[in-house]
Amino acid sequence: MSALERFLSLIDDEYDPGLFERTIKPASACQPPECIHSAPVSVFQLATRELSVCARPRTKPKATHALQVTREPGIVRCKLVPISETDEWKEKEFQRRARQIVPRPTRQKRLHLKNSRNWKQLDGAAGLIDRSLTDSKV
């Protein structure tokens, strides 16, 4: 007997078809949901009900200032500094900017740059030819 056959026989032993039965009941035989009994039927019943407001959970606001503590002999100074002026923020910002990718130029811009390089090469070559002609005449 292979391992697969042993595994399948274990599954057959554990499976009890009596646990899962599909039954279809008419709606009249089922209990109505709880919300039907508590829901208002008319606008006038809405006025008599108490108001319940579901408030969103508060999110912690982002800190705009950091506490900077400087200690000197006998003196402790605390100063609120904007976060953008702290060393940690500057380091994070430097790393964030280093991760950014420069977007590729559009196709039109690439062709423009490519063509301008060709013209510069031709101008440079023409300039060399002109210089060689002027040198030979002298």
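Can you give me the number of residues within segment 50-72 that are at pLDDT below 85, out of contact with any helix residue (DSSP H, G or I) (no Cβ under 9 Å at 6 or more places or on another chain) and of a type in the set (Lys, Arg)?
Of the residues in that region, 3 qualify.
Given the criterion surrounded by 10 or more Cβ atoms within 10 Å (Cβ to Cβ) and at pLDDT 75 or above, identify the matching residue among ILE101, ILE83, ILE75.
ILE83 is the lone residue from the list that is surrounded by 10 or more Cβ atoms within 10 Å (Cβ to Cβ) and at pLDDT 75 or above.
Taking only pairs six or more apart or across chains, which ones have beta-carbon atoms under 6 Å, a first residue in segment 74-102 that is closer than 15 Å to ALA63 by Cα, and a second residue that is not in a helix (DSSP H, G or I)?
Pairs found: LYS79/GLN68; LEU80/HIS65; VAL81/ALA66; VAL81/GLN68; PRO82/HIS65; ILE83/ALA66; THR86/ALA66.
The values are calculated or read from the model by the stated rules, or taken from the named source; none is laboratory data. Nothing here was measured: the structure is a model prediction, and the numbers come from that model. Counting neighbours? That spans all protein chains shown, and the Cβs are built from the backbone with ideal geometry, glycine included.
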